[in-house]
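Okay, so here's the structure we're looking at.
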Amino acid sequence: MKPQSRQHIYFSPHLDDAIYSCGGRIFRQRSHGEAVTVLNFLAGHPTEGRLTPFAQQYHNMWGNASDPIALRLGEDSRALGLWEVQAIYWGTSDAIYRKVNQEAVYPDLSALFGPPHPEDAKALMRFWKNAWHDLGFFPEQVHLYAPLAAGNHVDHVLVREFAKWLKQQGWQVWFYEDFPHAYDTTTLQKALTEFGEVQWHCFTELIDVKEKVKAMCMYESQISMMFADREDMEKRVKDFTAERAAAIHWGERLRKLLAGSGGRRERIWRRFFGYRAHAERYWSYS
């Protein structure tokens, strides 16, 4: 595939990350007629035998469907279809399924949020580099968006490292704040320090949060995993994006100055004044 004009490509480790973290910007770009593609890195079915108990726990949390990957692919198709976003699905599988020498390399939460297994990382990087080459994109034709890996989920870390490799090759890459992991400020700051001694640049852009939430609700299997319910998800998204908007919008800047963030004063403020603006923030470095 050889694109005819510049487009935006979002690297999504899992089948929801691009919309959860970048849905506002994606909607804005599509509203302006810009070409957007989501590249789903870990969209493959498990191929290495019987599920581990850890993987089965995730299937249970996703509703224990007969084919959880098909379920999640359907959710992603519906979410991206709202705005006619193109999708690419690579066949590599989620960390909860991957094995090396028939042994699960991420058999529990500690491993899932720990350092990548060297052999697993080597195999994925080799596949991804070849698959990327086969897509036929050129650096001058695309803007890339990749996870900061806030929260240190191993799949996000591996996609981040792939994006860093592309940046070294001359591709233009912006890094997004993984939601909901980046909700924790300490977690976000730690992710930024993982890049070493770099000069960070960021831009913040106002978004239509209602459209973002609408798309996020398409991923029904994931809501109960990360939130109490849909109302909790919507509140957390609004809180997170309103906090970003404080950098560029007078209403949220005034709220932050007078009522702060995350405490009783802010709750009282929201009761009377609601939300004034929402935004997403993206990072690049030199």
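Assorted remarks:
- Residue-normalised accessible area of the chain, expressed per residue, 1.4 Å probe, Å²: 48
- Per-peptide packing, taken as the mean over residues of other Cβ atoms within 10 Å, places 60-69, 139-148 in the sequence 139-148, 60-69 from highest down.
- Averaging 1/r over each pair of different alpha-carbon atoms in the chain and inverting the result gives 19.7 Å, the Kirkwood hydrodynamic radius.
- Ranking of 181, 32 by solvent-accessible surface, largest first: 32, 181 (1.4 Å probe, protein heavy atoms only, all chains present).
- Report note on the peptides 256-262, 202-208: ranked by the mean count of other C-beta atoms within 10 Å, highest first, their order is 202-208, 256-262.
- Relative contact order (%) - criterion: Cα under 8 Å, at least six apart; region: the range 1-64: 37
- Between the alpha-carbon centres of the range 223-260 and the range 9-82 there is a gap of 24 Å.
- Relative contact order (percent, whole number), the chain, Cα cutoff 8 Å, 6+ residue spacing: 23
- In order along the range 101-110, the Karplus-derived 3J(HN,Hα) couplings, from 6.51 cos²θ - 1.76 cosθ + 1.60 at θ = phi - 60°, round to 6, 6, 10, 4, 8, 10, x, 7, 4, 4 Hz, and Gly and Pro are given as x.
- Spherically averaged projected area of the range 22-148 from its Cα convex hull (nm²): 9.2
- Alpha-carbon centroids, the range 134-184 and the range 87-104: separation in whole Å: 19
- Computed from label points 7 Å out along Cα-Cβ, the spacing between residue 184 and residue 230 is 2.9 nm.
- Length-normalised contact order of the range 236-286 in % [C-alpha pairs under 8 Å, at least 6 apart]: 46
- Residue-span extension gain [residue 223 to residue 197] - 0.36 nm each, minus C-alpha spacing: 5.7 nm
- Using only the C-alpha atoms, the convex hull of the range 216-262 corresponds to 79 Å³ per residue.
- Accessible surface of residue 125 - all protein chains present, 1.4 Å probe, nearest 10 Å²: 40
- 5 angstrom amide H check on residue 150, placed H, neighbours 5+ away: 178
- Expressed as a fraction of 2.2 N^0.38 Å, the C-alpha radius of gyration for the range 146-204 is 1.06.
- Under 20 Å from the residue 172 label point (7 Å along Cα→beta-carbon), backbone N, the range 269-286: 280-286
- The alpha carbons of the range 74-138 stretch over 39, 28, 19 Å along the principal axes, in descending order.
The values are calculated or read from the model by the stated rules, or taken from the named source; none is laboratory data. Fair warning: this is a prediction, and the values are worked out from it, not measured in the lab. Positions of Cβ are backbone-derived with ideal geometry, glycine not excepted, and every protein chain shown enters the neighbour counts. Side chains included, ligands, DNA and RNA excluded: accessible areas come from the protein's heavy atoms. Shrake-Rupley method; radii C 1.70, N 1.55, O 1.52, S 1.80 Å.
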